[in-house]
Amino acid sequence: MSEATAASTPPVLGIDIGGSGIKGAPVDLSTGEFAADRLRIDTPSASTPENVADVVAQIVEHFGGQIAADGPIGITIPAVVTHGITRSAANIDKSWINCDAEKIFEDKLGRDILLVNDADAAGVAEVKYGAAAGHPGLVVLTTLGTGIGTAILYRGVLVPNSELGHLEIDGYDAEKRAASSIKDKEGLSYAKWAKRLQRYYETLEALLWPDLIVVGGGVSKDSDKFLPLIDINAEMVPAKLRNTAGIVGAAWLAANRLQQPALVREGTAAESALVE
Ligand code: BGC
């Protein structure tokens, strides 16, 4: 199956839902770059599915003239998403838990929606366009931010919802010790934080033995201050796409969902196409 990346295809809208902002941009899938400036709107303080869908609709309307009229849209969310249903909620309203979220967006927007975990979208973007482009083996992406998000990709195919930021290490939920928000909250130096990261990444490695670990999240721009202090077998590199990764990965997935069957929702045309 060929990828929807040809330069002649119109840009595809990607939208990244976060705890403080909802960001969107049309993505040129031939390059993985934004085709227009990103729009950011504050996440509503009551971040329920309905309120968030209203903001997403504003973003879709804003870019309406720049994307295909009936084109699919990719949306990320900081939650586990199994076949369109959100199963958890990190920094967003708890009413997302067990919510038929992809369907809510589809009904609101009248378009095909691909809803995906935020770290999974970033992992896909790095494998398609970034630090792991074309990697032939096992890649793990970690995003170090408010929490720790993870994505597992083998030869470009995503194993969704890995949630390895929640590994229990030394009696702690790993992200409560090693996320970059904890570094800030506890005022840790890079050297002290790197010790916690060492413990996290050596545990992760002992369980999965990836060939390559891509380190994303805002703090990856300062990777020279902590990556050299981490000593494991796998190659570790900073993410390339930085804060565009979620939007870019979501857009790619919306256009290429049949290549990632684990994300397809039951009962949809995409599912029928897969089982035919
Ligand atoms: C959540 C993940 C999410 C990550 C990054 C974690 O706390 O459990 O679903 O990908 O934060 O936002």
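No value in this document is a laboratory result; all are computed from the given coordinates. Keep in mind that what you see is a predicted model, and the values were worked out from it rather than measured. Quick reminder, even Gly has a Cβ in these numbers, built from the backbone with ideal geometry, and neighbours come from all protein chains shown.
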- Query: What are the residues whose amide H is under 5 Å from the amide H of GLU235, where those residues sit 5 or more places off or on another chain and H is modelled from the backbone?
  - Reply: ILE213
- Mind checking the dipole of region 134-240: about its Cα centre, +1 per Lys or Arg Cβ, -1 per Asp or Glu Cβ, Debye to the nearest 20? 280 debye
- Task: Take the Cβ-Cβ distance between LYS221 and LEU258 as r, set R0 to 35 Å, and report the resulting FRET efficiency rounded to the nearest 0.05.
- Result: 0.55
- Note on the structure: For region 81-174 the mean separation of alpha carbon contacts under 8 Å (6+ apart) over residue count, i.e. relative contact order in percent, is 18 percent
- Average Cα contact separation per residue, the chain, under 8 Å, 6 or more apart, as relative contact order %: 21 percent
- Beta bridge orientation in region 134-240: antiparallel %, DSSP, nearest 5: 55 percent
- Considering the chain as a Gaussian network with a 10 Å cut-off on Cα pairs, which listed residue, ALA46, ALA101, ALA119, attains the greatest mean-square fluctuation? ALA46
- Item | Where only C-alpha atoms are counted, convex hull volume of region 134-240 per residue in Å³ | 92 Å³
- Query: With each label point set 7 Å from Cα along the Cα-Cβ vector, what nm distance links SER45 and ASP173?
  - Reply: 2.4 nm
- Message: What distance in nm separates the two pseudo spin-label positions at LEU207 and ASP37, each 7 Å out from Cα along the beta-carbon direction?
- Response: 4.2 nm
- Select from region 149-238 those trypsin sites (Lys or Arg not before Pro) which occupy a DSSP coil region and have at most 16 other Cβ atoms within 10 Å, ordered by residue number. ARG155
- To the nearest 20 debye, what is the magnitude of the charge dipole of the chain about its Cα centre, counting +1 on the Cβ of each Lys and Arg and -1 on the Cβ of each Asp and Glu? 660 debye
- Rounded to the nearest whole number, the per residue volume of the convex hull around the C-alpha atoms of region 182-276 in Å³ is 145 Å³
- Item | the chain - share of DSSP beta bridges that are antiparallel (%, nearest 5) | 60 percent
- Taking N as the residue count of the chain, its alpha carbon Rg divided by 2.2 N^0.38 Å gives 0.96
- Task: Identify which of GLY123, GLY65, GLY156 has the largest mean-square fluctuation in a Gaussian network model of the chain, with springs joining Cα atoms closer than 10 Å.
- Result: GLY65
